[in-house]
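Shown next, in structure tokens, is the structure this report addresses.
The values are calculated or read from the model by the stated rules, or taken from the named source; none is laboratory data. Keep in mind the model is a prediction, meaning the values are calculated, not measured. Note that we place each Cβ from the backbone using ideal geometry, even for glycine, and neighbour counts take in every protein chain shown.
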Amino acid sequence: MIGYDNHGIDLAGIDDSDSDSEFEKEDKDDQDDGNDSEDEIDVDDLSISGSEDEENMRALTRIRETINNKDALLASLKRIALDVTPGVVPFAVHQSVVAPATTESAMGDAAVDDDLARELAFMNQAMGAARTARALLRKEGVPFTRPVDYFAETLRSDATMELVKAKMVEEATAKKASAEARKLRDLKKFGKQIQVAKQQERAKEKREVLSKIDQLKKKRKEGASAALGANEAEDMFDVAVDNELGDSSKGKKRSAGGDSGGRPNKRVKKDTKFGYGGKKRHAKSGDATSSGDLSAFSAKRMKSTGGGRPGGAGGKPGGGGGHKAPRLGKSRRKVAGRK
Amino acid sequence: MAAVYKTLSKPGAKDADGDKNGSGTPGAKRNKQKVLILSSRGVTYRHRHLLNDLAAMLPHSRKDVKFDSKSKLYQLNELAELYNCNNVMFFEARKGKDLYIWFSKVPNGPTVKFHAQNLHTMEELHFTGNCLKGSRPVLSFDLAFEQEPHLKVIKELFLHMFGVPQGARKSKPFIDHVMGFSVVDGKIWIRNYEVREVEKTKGEGEDEKEADKAGKTKAGSEKETDVSLVEIGPRFVLTPIVIQEGAFGGPIIHENKRFVSPNQVRSDLRRSKAGRHNARAEQQRDHLAKRGNLGLLPSGAAKTVDALDTRAVFA
């Protein structure tokens, strides 16, 4: 390109060369474009089908002479033409049918790219021809339909037809399989929904039953305040309902948690044994009341041999009576002591 | 037209195609056609398969080996004569992708050159139709073929080449397929359908009723059946390019103005891609020029203030 040459030569004026060379280059390109477009003109014109556009183009540009020598065409046609005059020449000689309408008119305003419309038009044309031909050939007594027992080589081999059949079967099975899979998928999705709905329904039912029972209880209570006579029966009803509810809803919890406020049984026991909260120091030291409390003291027990601490420091082992009562548990001893 | 031809055919039969119309008497005129089918070198598998499909459909054809030359096509005339063919269907492949098909009546022409597009062979189209090998097709032509002289010539060639002559050696006695030739968008679309006879279903539409009437009047006591079509293949589209008066030679008597060569299409595509760069470069240049005029370029001198400048006038 000229621009690059300038770069090489005009090193001194390198500042200017930038813009200049740019211009020159573009100018050159422009010229190229001009030449190209002149070459292209024919093609552009060729690709345009509209007649007014053609006229415009013709006015603007040079155009290749169109050759359509109708006389010569008709002359050469006459030279080779077969005689297909209907009525004179039997149809069976040529078997050609000219459609009553052009395919373009049959296609209407559908575009050429519209595969379906186009193929339909083609098929309709061929269908019309087939019907006409069949009628004409039958009239002429030419066999048309292939008898069922006529076997001969076909255009497409059996292997090809087998392939076609296999492909069709494959397509059908694929379609069926995909439909089935979709159905399953839908079912799965739907099944989940069903499950959730069922759970919700159950919960709702339960809530309703409970609320109904509560209402019933309330109503009974109100009725009870009015008529005291039925008190006992109502209590029984309440107990029954409570039991029922407790059994159904909280049975498990109650067995695990014990009576007191849901705390575990062991804790409760330990609490009663060791106490909880408050000061721990001096809790077991005696005070005025404890020293004044002589409830645990009994002279009888002091005198009896089986009493007191068994095997205690001061006690005689295996004393006196021979028959020794077994030592009871602490609480029972306490109770016994009170007596 | 045909009547005129009939009157002229007697003297013309001697100098023109002698073997075309066998005997001289018009009553016993025989349609004798034989087609030489061959391709050039450099055809793709698809071109070759299409050629094979066509050869299989035409029992009156003679398939030959690939023809070596692309420039000396007149040699095909001698070749055809050698095989006693009066038609030549020559597949010329270019650049390993474009297919041109020449249809020629051999000794005296005319010759039509087509550009073949949208080729789909019988094998790759998984249509369910099938027909007897060598059965005579019904040729279905669009009405457009009767409206233009060049299309008339093309129709005649199709009639000779695709129509299997009556009593051809390997032809079958029944008719079970239709070849459709339609003109849409300046191109000739070729389809091949199997004709199946089906039980007539009642009250399907006007077409059926019409066919009913036709059946009653023409078929008479024949069983009441209707035809249905199932496509067989192949499919292809031919764009006529030129018609020559002779066989692979002679003056051009028709040229399709709307034909755009595939080379041109490809180069246009490439050029439109290159055009994007050009447009961008041009924009850049305009921008530079504008800045230069305003004296904003670092190298350029400040804009000279002439006598009619706004600043000078309204000073």
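Summary of values
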item	result
Any chance B:Leu151 is surrounded by 20 or more Cβ atoms within 10 Å (Cβ to Cβ), part of a strand (DSSP E or B) and at the interface with another protein chain (Cβ under 10 Å from one of its Cβ atoms)	no
Enumerated strands (runs of 3 or more DSSP E) restricted to the stretch B:191-296, each holding at least 3 residues that are under 19 Å from the mean Cα position of the chain (by Cα) and modelled with pLDDT of 90 or more	B:235-244, B:252-255
Cβ pairs under 9 Å, 6+ apart, first in the stretch A:67-82 and more than 7 Å from every other protein chain (Cβ to nearest Cβ), second assigned to a helix (DSSP H, G or I)	A:Asp71/B:Pro149
Within the stretch A:88-193, helices (runs of 4 or more DSSP H) holding 1 or more residues that are among the acidic types (Asp, Glu) and touching a residue at least 24 places away in the same chain (Cβ under 8 Å)	A:115-140
Yes/no for A:Arg58 being over 23 Å from B:Pro137 (Cα atoms), modelled with pLDDT under 85 and in a helix (DSSP H, G or I)	yes
Matching residues in the stretch A:85-109 - criterion: being surrounded by fewer than 20 Cβ atoms within 10 Å (Cβ to Cβ) and among the hydrophobic types (A, V, I, L, M, F, W, C)	A:Val88, A:Val89, A:Ala92, A:Val93, A:Val98, A:Ala101
Condition check for B:Gly246: within 12 Å of chain A (Cβ to nearest Cβ), of a type outside the set (S, T, N, Q) and either free of Cβ contacts under 8 Å to residues at least 12 places away in the same chain or closer than 30 Å to B:Lys155 by Cα (or both)	yes
Matching strands (runs of 3 or more DSSP E) fully within the stretch B:23-131 where at least 3 residues are surrounded by 22 or more Cβ atoms within 10 Å (Cβ to Cβ)	B:35-39, B:87-94, B:98-105, B:111-120
Test: A:Ala111 is under 22 Å from B:Ala144 (Cα atoms) and facing chain B (nearest Cβ under 7 Å)	no
Extreme residue, nearest to B:Ala247 (Cα to Cα), among residues of the stretch A:65-101 that are modelled with pLDDT under 90 and of a type in the set (Ser, Thr, Tyr)	A:Thr66
